[in-house]
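Single-structure report; data block below.
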Amino acid sequence: MPVSETILPVLIGADMNCYTLARAFHEAYGVRSYAFGRWAMGDTMYSRLVRFTAVPDIDSADTLLRTVTDFAAAHADKTLIVMGCTDDYASLLMDVRDKLPANCIAPYITPELRDKLVSKADFYALCDKYGIPYPKTFCAEGPMDAAALSPEALGFAYPVIVKPSSSILYWKHPFDGMKKVYTAATPEEASAILAQIYGAGYPDIVILQDRIPGDDSFMHVLTAYCDKNNSVKMMCLGHVLLEEHQPHGVGNHACIITEPNDELMDGVRKLLEDLHFVGYSNFDVKYDERDGSFKFFDFNTRQGRSNYYVTNSGFNVAKYVVDEYVFNRPFEPEFVTAQDEALWMVVPMGVVDKYVKDPELRAKVHRLDKEGKGADPSFMKGDFVFNRWLRMWHTKLRHFKLFKTYYK
């Protein structure tokens, strides 16, 4: 029986992460995915790859479990691959994974392990244990006066980065002017940011962090896959050339070139295996030219929003899950890292030409594009629906305005 008749991807989400997971499943098996999220989004709206259903309260564990259980009962002859496409959806699947029907596969860690990893403060404690570099960090547990946030008190100079330790909890307490990440130029600004975050009801630690010098091209993204026996099978490192800078999109990748760095990966491989990790993990990393180290920012317990950079590099993110959990196929080779260059970008080439400062990197983008090694994750041959095409091109071209407005 064809694979497309035996498996059914069920994706919780609606954004680019969701669409590119569906694209990976389609490219590997010719199968259409089903997606459930709080509301429709342009990435999956009108797509032929995804059948989306809005479930307004699917961000509750009970609703998520009921939605997947009902869908599994209606497709009892299929094996459902259930994957979350945001931090909160992946976290909820970890909570309910042991309650899912027998025909569901959810390749995730336990809630107990998750709770040790999703907090940036706890992740940095693990970094200390495993010798993984990270920026100098100060942890605030509530509002603080400017006098208590002096450079001497923090242990590093301004400007500093300010960000919540738990992004899951942070987005549950919205307020006007909310950003993913903040930069404070003075202790007074840092104090005001803390007051805003805690004033909205956020209950966890807020990180104040040494700002590593360098533009977007100093950033990297690392994705790894661990099998159910907690062995790392694949690692793919991307060199980020551009990130988005608008308030709700700060840090979202805009252009990536896959390139190897086995030394950087070795410490993370040991960490993952010692933790008995399962499934996909994703790390944001920045090169610090002051000491020549790569410093880690966070530990995401799911595939990243830009996961198609991995698939485009020759390591289809859907195939790893299906080969292991559905077909019980051994991995050949046992462990692999991405070695060949490949290009991933969601912005027009004109944005790359204007905002990637290094001429060698710009030239590499053009070369890979001409060699056919580039991919825009949002556009797939065979998934042309005019309404979707119009929406996605509007989003793509809008980057000219967004970068002009927010790129500093």
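Between amide H atoms placed 1.01 Å from N, distances below 5 Å from residue 242 occur with 254, 255, all of them 5 or more places distant or on a separate chain. Taking amide hydrogens as placed 1.01 Å from N in the peptide plane, the amide H of residue 374 sits under 5 Å from those of 343, each at least 5 positions away in sequence or on another chain.
List the pairs from 180/404; 136/179; 129/286 whose alpha-carbon separation is above 24 Å, in the order I gave them. Display every interim value, and only then the final one.
Details: 180/404 19 Å; 136/179 21 Å; 129/286 20 Å.
With Cα atoms farther than 24 Å apart: none of 180/404; 136/179; 129/286.
In terms of distances greater than 24 angstrom between alpha carbons, the cross-link table entries 370/396; 163/357; 354/401 yield 163/357.
The calculated FRET efficiency for the pair residue 66 and residue 157, based on their C-beta separation and a Förster distance of 45 Å, comes to about 0.30. In a solvent-free Debye calculation with one equal scatterer on each Cα, what is log10 I(q)/I(0) for the range 198-321 at q = 0.09, 0.11 Å⁻¹, listed in the order of the q values? Here log10 of I(q) over I(0) equals -0.28, -0.41.
Dividing the mean sequence gap of close Cα pairs (under 8 Å, 6+ apart) by how many residues the chain holds gives a relative contact order of 16 percent. Entry note: the chain has Rg to Rh equal to 0.95, where both radii use alpha-carbon atoms and Rh is the Kirkwood radius.
With all protein chains kept in place, the per residue accessible area of the range 313-408 amounts to 58 square angstrom at a probe of 1.4 angstrom. For the chain, leaving out every one of the GluC sites (Glu not before Pro) that falls in a DSSP loop and has at most 15 other Cβ atoms within 10 Å, the longest unbroken run is 142-288. Across the range 303-339, the residues whose backbone nitrogen lies under 14 Å from the label position 7 Å along the beta-carbon direction of residue 229 are 324-325, 328-335.
Within the chain, what's the longest run with no chymotrypsin sites (Phe, Trp or Tyr not before Pro) in a DSSP loop and at most 13 other beta-carbon atoms within 10 Å? Give the range, please.
The segment 176-326 is the longest one with no such site.
Placing a pseudo-label 7 Å from each Cα along the Cα-to-Cβ vector at residue 125 and residue 357 gives an inter-label distance of 3.7 nm. Note on residue 233: lysines with a C-alpha under 19 Å away, same-chain residues under 8 apart excluded, are 270, 319.
Here r is the Cβ-Cβ distance between residue 274 and residue 328 and R0 is 22 Å; the resulting FRET efficiency, rounded to 0.05, is 0.30. Beta-bridge orientation, the chain: approximately 70 percent antiparallel, per DSSP, counting only bridges with both partners inside. Dipole magnitude for the chain: about 1300 debye, using +1 per Lys or Arg Cβ and -1 per Asp or Glu Cβ, origin at the Cα centre. Placing unit charges on the Cβ atoms only, positive for Lys and Arg and negative for Asp and Glu, gives the range 266-358 a dipole magnitude near 360 debye about its Cα centre. Between the C-alpha center of the range 370-408 and that of the range 104-141 there is a gap of 33 Å. Its DSSP H runs of at least 4 residues, each contributing -39,500 (n - 2.57), put the calculated 222 nm mean residue ellipticity of the chain at -10500 deg cm²/dmol, to the nearest 500. The stretch between residue 102 and residue 139, if pulled fully straight at 0.36 nm per residue, gains 9.1 nm over its current Cα-Cα span. Placing pseudo-labels 7 Å out from each Cα toward the beta carbon at residue 176 and residue 39 gives an inter-label distance of 1.9 nm.
Restriction of the trypsin sites (Lys or Arg not before Pro) in the range 217-310 to DSSP coil positions whose beta-carbon has at most 16 other beta-carbons within 10 angstrom yields 228, 290.
Counting only aspartates and glutamates at least 8 places from residue 120 when in the same chain, those with an alpha carbon closer than 18 Å to its own are 87, 88, 112, 128, 141, 204, 210, 284, 298.
Tell me the carbon and sulfur percent of the accessible area for the chain, rounded to whole percent, probe radius 1.4 Å.
52
The values are calculated or read from the model by the stated rules, or taken from the named source; none is laboratory data. This structure is a prediction, so every number in the text was calculated from the model and none was measured. Methodologically, a virtual Cβ is constructed for each residue, glycine included, from the backbone with ideal geometry; neighbour enumeration extends over all protein chains shown. Only protein heavy atoms, including side chains, enter the accessible area calculation; ligands, DNA and RNA are left aside. Shrake-Rupley method; radii C 1.70, N 1.55, O 1.52, S 1.80 Å.
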